[in-house]
1. Kirkwood hydrodynamic radius, region 55-181, all distinct C-alpha pairs: what's the number in Å?
2. Assigning unit charges at the beta carbon (Lys, Arg +1; Asp, Glu -1) and nothing else, what dipole magnitude in debye, to the nearest 20, does region 55-181 show about its Cα centre?
Amino acid sequence: MTGTTSEGRQLLPRYLREPDATRTPVGFPEYRSTGLRAPLRTPVDLPHRLTEVTGPVLGEDRVLPTDADLTWRNGGEAVGQRILVHGRVLDSGGRPVPGALVEVWQANAAGRYRHVVDNWPAPLDAHFDGLGRVVTDSLGRYEFLTIKPGAYPWGNHHNAWRPAHIHFSLFGRAFTQRLVTQ
């Protein structure tokens, strides 16, 4: 927790370090994709210095209210079932993280990403780019209005399909605190 001591010295936040014995294993040989995506070396924890625990992340003035509505882009409505995605960002002690940047990206209702390497022959939606972002409120809450993403095939094995999912990127209290998940 940030603050000052009784002597007036600045108290910098400390972040939980995960012991090596409890780290989640990243490689699974029977799941072919991890060979391409998993790190080959053990993660190295760098020391926390002033730049890692202080300073601006992005700034609320750069995130517009319309960035949280993925259903309306380029002057029209996206195709697909509307869904509301919401939650809270909490720290390891269960306390809200206000001012955290939450970003999402996803495929459209047909299972297609607006990306040059997506060659799945599903149609693109001119009114859906699949990108959104929002800054959490004072209680760590966020909310996105989007469409239910479609599943799509991928080359892990014969007839492999990725289920409908949304990717999340969360920036914590410092720029170097980032979690990417789905």
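1. 15.7 Å
2. About 300 debye.
FYI, it's all coordinate maths here, none of it is from the lab. Small disclaimer: the values here were computed from a predicted structure and weren't measured. No Cβ is skipped: glycine too gets one built from the backbone with ideal geometry, and neighbour counts run over all protein chains shown.
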